[in-house]
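K.L.:
Could you have a look at this structure, given as structure tokens, before my questions?
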Amino acid sequence: MKMVVSLLLVLFLHHGVPISSFSLQMAPFEDFQLLAPDAKEDADRIIRSAMNTTIVYDRLAYMTDTIGPRFSGTPALEQAIDWIVARAQEDGIIVKTENVMVPRWVRGREFANLIAPRRKSLRMLGLGGSVGTGGTTLRAEAIVVSSFVELDRQKENIRGKIVVYNQEFVSYSETVVYRGYGASRAEAYGAVAALVRSITPFGIQTPHTGSMHSSNIPAASITIEDAMMFARMQARGQTLQIELYMEAHALLDAQSRNIILEIPGCTYSDEYVIVGGHTDSWDIADGAMDDGGGAFVSWEAVRLIHALGLRPLRTIRAVLWTNEENGARGAESYADNHASELIRHSIALESDVGTFSPNGISFAGSSDARRILELIGGSLLSEIGSGNVSGVSVGEDVSFLNANGVPSGSLNVEDVRCGSDDNNPCLPYSHAPYPAFDEDNFLKSGYFWYHHTAADTIDKLSSRQLQHCAATLGVWVYAIANLPFLLPR
Ligand SMILES: [Zn+2]
């Protein structure tokens with residue numbers, strides 16, 4: 001068996017063809033060397049050097065403090081990209097940028113007030129992509145619904161009103177549809193505006209922005225507390241009057257860039273292992289968590305491998321995508337520009353759900369590939385607790401590669417600040433308890449407390465956790481780049 005497998009590998013690799021027909025049932029791993037003889041030693045070196053330097057935290061703190069929000073189409077995002085490029089060049093890494101045209105949306109001045117039954121200035125944030133109120137202050141009666149089912153039931157009572165969505169947070173992926181489609185569905189029944197309870201399990205009067213699907217009526221997020229108060233008022237029979245003013249509008253697309261940080265493969269230089277995060281943030285957020293941390297630990301993973309003088313068999317690329325938040329044009333553009341190479345992308349990993357304590361990766365790909373990843377994680381990362389392969393979810397940016405057949409994954413993290421189910425402050429606002437050890441496990445983190453808010457600042461992250469994430473990604477990508485074959489699809 002060993003001879004047959006080796007021969008097959010040589011034949012397939014010689015022709016640069018992925019081993020898609022390669023059957024792992026026919027070829028137990030024991031029959032050939034999956035990991036290079038010095039794989040463990042190299043992994044330990046990556047981990048040691050990652051845990052030995054605070055450079056990733058220092059850089060992220062500098063960038064988020066000094067440049068601040070990096071919204072698509074703004075000079076600040078391009079300034080941040082220039083700064084990253086300059087630092088990565090100092091690292092001695094090969095740096096490329098690729099131009100991407102990105103949408104340009106401007107928030108402008110905005111406010112919302114409750115007028116009746118009492119006057120209150122509301123903490124709000126217009127949703128990305130929303131239209132404005134046409135230069136006037138829109139004033140209307142509000143109707144509160146807790147779901148789209150209730151909206152449909154109330155369809156005769158919507159015309160001319162502001163619809164307030166007071167939906168319970170279940171999970172980000174389930175609940176975010178209210179931000180995405182709340183306005184267009186309310187518009188269909190004649191609403192004049194939509195206010196959406198922030199998509200978060202926990203709030204301290206913090207509105208969370210985010211993108212929405214196009215609609216001709218303005219839409220904004222409001223806080224959990226205000227949405228719940230409006231629901232209580234309506235239940236008592238009190239009539240709600242709300243006024244809304246938004247200058248939001250779109251401008252022409254602007255030019256931005258993806259950054260590619262590369263270590264060329266010494267044997268299969270035209271085969272790739274990708275790790276990345278996105279450089280852009282919302283206009284109101286420093287974007288330390290979302291996704292400065294993810295972008296910087298991806299960069300750091302590559303920097304560590306380069307600084308140690310390790311030479312991977314395949315090319316390792318950190319891709320720092322632009323415009324994830326309101327268009328994903330960076331991810332789309334990378335997939336287009338590199339379409340002919342995608343068959344030779346072994347894996348694409350992404351970090352975009354926080355850089356807290358990493359526990360492994362989720363993975364969307366074949367069960368054969370998953371088995372290989374489990375072996376890598378178990379062999380090289382179990383000592384630092386980040387070698388698990390669980391779940392199937394992948395983030396927005398790698399989803400464009402996954403849709404083209406590239407095995408893809410996402411860094412999974414946990415956050416001790418959330419504590420156990422017993423003392424989790426998220427729970428009063430959501431359906432308890434969170435399921436343990438499944439792919440939504442990252443929701444047991446503070447990520448969505450701060451996501452798309454002005455509170456997404458560097459103090460929410462720790463240097464130690466960033467180092468741990470960088471070590472984890474460095475070990476994953478280096479080991480995958482050195483496999484005897486591309487990950488089977
Ligand atoms: Zn993000």
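K.L.:
Hey, what angle do you get for helix 177-188 against the long axis of the chain, alpha-carbon based, 0 to 90 degrees rounded to 10?
P.N.:
With rounding to tens, the tilt is 40 degrees.
K.L.:
Would you pull out the residues with amide H under 5 Å of V170's amide H, same chain only if 5 or more places away, H placed 1.01 Å from N?
P.N.:
Those qualifying (amide H under 5 Å, at least 5 residues apart or on another chain) are T175.
K.L.:
Which one of V275, M212, A183 is farthest out on the positive end of the charge dipole of the chain, using unit charges on Cβ (Lys, Arg +1; Asp, Glu -1) and the Cα centre as origin?
P.N.:
A183
K.L.:
Go through G327, V398, W299 and say which Cα lies farthest out towards the positive end of the charge dipole of the chain; charges sit on Cβ, +1 for Lys and Arg, -1 for Asp and Glu.
P.N.:
The listed residue farthest towards the positive side: G327.
K.L.:
Run the numbers for S214 and A116: contour at 0.36 nm per residue of separation, minus the present Cα-Cα distance, in nm.
P.N.:
32.3 nm
K.L.:
What are the ³J(HN,Hα) couplings of the range 150-159, residue after residue, when phi is run through the Karplus curve with 6.51, -1.76, 1.60 and θ = phi - 60°? Round to Hz, x for glycine and proline.
P.N.:
Those phi angles translate into 5, 4, 4, 5, 9, 4, 6, 10, 9, 3 Hz.
K.L.:
Enter the accessible area per residue of the range 245-351 (Å², integer; probe 1.4 Å; all protein chains in place).
P.N.:
So the range 245-351 comes to 25 Å² accessible per residue, rounded to a whole number.
K.L.:
Can you give the FRET efficiency for Q33 and I204, using 1/(1 + (r/R0)^6), R0 = 45 Å, r = Cβ-Cβ distance, to the nearest 0.05?
P.N.:
After rounding to 0.05, the efficiency reads 0.25.
K.L.:
So what's the back-of-envelope 222 nm ellipticity for the chain, counting only DSSP H runs of four-plus at -39500 (n - 2.57) apiece and dividing by all residues, rounded to 500?
P.N.:
-9500 deg cm²/dmol
K.L.:
What distance in nm separates the two pseudo spin-label positions at Q154 and I343, each 7 Å out from Cα along the beta-carbon direction?
P.N.:
With each label placed 7 Å out from Cα toward Cβ, I get 5.4 nm.
K.L.:
Report the label-to-label distance for S146 and L251 in nanometres (one decimal), using points 7 Å from each Cα along the Cα→Cβ vector.
P.N.:
In this crude label model, S146 to L251 measures out at 4.3 nm.
K.L.:
Scan around G126 for amide H atoms under 5 Å from its own, H built in the peptide plane at 1.01 Å from N, and keep only partners 5 or more places away or cross-chain.
P.N.:
Here the answer is S221, since their amide H atoms fall under 5 Å of that of G126.
K.L.:
Can I ask one more? How large is the dipole of the range 194-297 about the Cα centre if only Lys and Arg carry +1 and Asp and Glu carry -1, each at its Cβ, rounded to the nearest 20 debye?
P.N.:
It works out to roughly 620 debye.
K.L.:
How big is the charge dipole of the chain about its Cα centre, in debye rounded to the nearest 20, if each Lys and Arg gets +1 on its Cβ and each Asp and Glu gets -1 on its Cβ?
P.N.:
1000 debye
K.L.:
Okay, moving on. In degrees between 0 and 90, to the nearest 10, how far off the longest principal axis of the chain does helix 55-66 point, with axes built from Cα atoms?
P.N.:
With rounding to tens, the tilt is 30 degrees.
K.L.:
For the range 108-247, what are Rg and Dmax over the alpha carbons, in angstrom?
P.N.:
Cα only, the range 108-247: 13.2, 36 Å (Rg, Dmax).
K.L.:
Hey, could you get me the Stokes-Einstein D for the chain, Kirkwood radius over alpha-carbon pairs, 20 °C and 1.002 mPa s, rounded to whole µm² s⁻¹?
P.N.:
The estimated diffusion coefficient comes to 91 µm²/s.
K.L.:
What are the ³J(HN,Hα) couplings of the range 465-474, residue after residue, when phi is run through the Karplus curve with 6.51, -1.76, 1.60 and θ = phi - 60°? Round to Hz, x for glycine and proline.
P.N.:
Each residue's phi maps through the Karplus curve to give 5, 4, 4, 4, 5, 5, 4, 4, 5, x Hz.
K.L.:
Let me ask another. Which one of W476, A193, A254 has its Cα pushed farthest toward the positive end of the charge dipole of the chain, where Lys and Arg give +1 and Asp and Glu give -1 at the Cβ?
P.N.:
A193
K.L.:
If you don't mind, there's one more thing I want to ask. Which residues' amide hydrogens lie under 5 Å from the amide hydrogen of V406, considering only partners 5 or more residues apart or on another chain, with H built in the peptide plane?
P.N.:
Here the answer is none, since no amide H 5 or more places off falls under 5 Å of that of V406.
K.L.:
Relative to the longest principal Cα axis of the chain, at what angle does helix 2-14 sit, 0 to 90 degrees, rounded to 10?
P.N.:
It is inclined by approximately 70 degrees.
K.L.:
In debye to the nearest 20, how big a dipole does the range 108-247 give about its Cα centre with +1 on each Lys and Arg Cβ and -1 on each Asp and Glu Cβ?
P.N.:
340 debye
K.L.:
Moving to a separate point now. Could you go through the range 138-143 in sequence order and give the Karplus-derived ³J(HN,Hα) for each residue, using 6.51 cos²θ - 1.76 cosθ + 1.60 with θ = phi - 60°, rounded to whole Hz, and x for Gly and Pro?
P.N.:
With the stated coefficients, the range 138-143 comes to 8, 10, 7, 6, 10, 10 Hz.
The values are calculated or read from the model by the stated rules, or taken from the named source; none is laboratory data. Since we're looking at a predicted model, the values are computed, not measured. Glycine gets a Cβ as well: all are built from the backbone with ideal geometry, and neighbour counts include every protein chain shown. Note: accessible area is taken over every heavy atom of the protein model, side chains too, but ligands, DNA and RNA are not part of it. Shrake-Rupley method; radii C 1.70, N 1.55, O 1.52, S 1.80 Å.
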